[in-house]
Amino acid sequence: ARFRPGRVPVRRGVATVRLFCPRGCAGELLLRHVAKPRDFSLMPGENEVRLRLGPRARARLERRGSISALAKMVTRNRAFDRSARLREVRLVAR
């Protein structure tokens with residue numbers, strides 16, 4: 001699984017992170033200091049994971065219009081080997 005490049009739109013306090021996972025995948029997604037970790041499971045063809053922002057992050061986003069965050073995705077393969085990816089993303093209010 002990989003992150004889609006670009007911005008992450010936020011609507012009504014919910015960030016929609018796009019992932020690239022052609023055969024489907026499962027794992028945990030976290031936006032550090034912005035949202036709590038969320039487990040996800042994507043079927044082939046699905047590519048979005050939604051995360052609810054915390055109240056402090058929501059207020060900061062409303063004031064500024066956009067904020068940066070560090071996204072961490074942890075996935076496991078069939079042998080339960082752990083793989084983690086980090087990427088800085090830009091949260092944009094819509």
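The values are calculated or read from the model by the stated rules, or taken from the named source; none is laboratory data. Source: prediction; values computed, not measured. When we count neighbours, we look across all protein chains shown, and the Cβ atoms used for this are built from the backbone with ideal geometry, even at glycine. Keep in mind that these areas ignore ligands, DNA and RNA; they rest on the heavy atoms of the full protein, side chains included. Shrake-Rupley method; radii C 1.70, N 1.55, O 1.52, S 1.80 Å.
Assorted remarks:
- Coil-residue chymotrypsin sites (Phe, Trp or Tyr not before Pro) of segment 1-72, DSSP, other Cβ within 10 Å capped at 14: none
- Filtered trypsin sites (Lys or Arg not before Pro), segment 34-82: DSSP coil and at most 15 other beta carbons within 10 Å: ARG78
- Mean accessible surface per residue for the chain, computed with a 1.4 Å probe while every protein chain stays in place, in Å²: 70 Å²
- Scanning residues 5 or more positions from LEU42 or on other chains, those with amide H under 5 Å from its amide H are CYS25, ALA26, with H placed 1.01 Å from N in the peptide plane.
- Potential extension, ALA93-ARG50 segment - 0.36 nm per residue separation minus Cα distance: 14.0 nm
- Scaled radius of gyration (Cα, divided by 2.2 N^0.38 Å) that the chain gives: 1.07
- Of the accessible area of segment 1-90, computed with a 1.4 Å probe over protein heavy atoms only, carbon and sulfur atoms account for 45 percent.
- Label-to-label distance, nm, for residues given as ARG12 and ARG76 (7 Å Cα→Cβ offset): 3.3 nm
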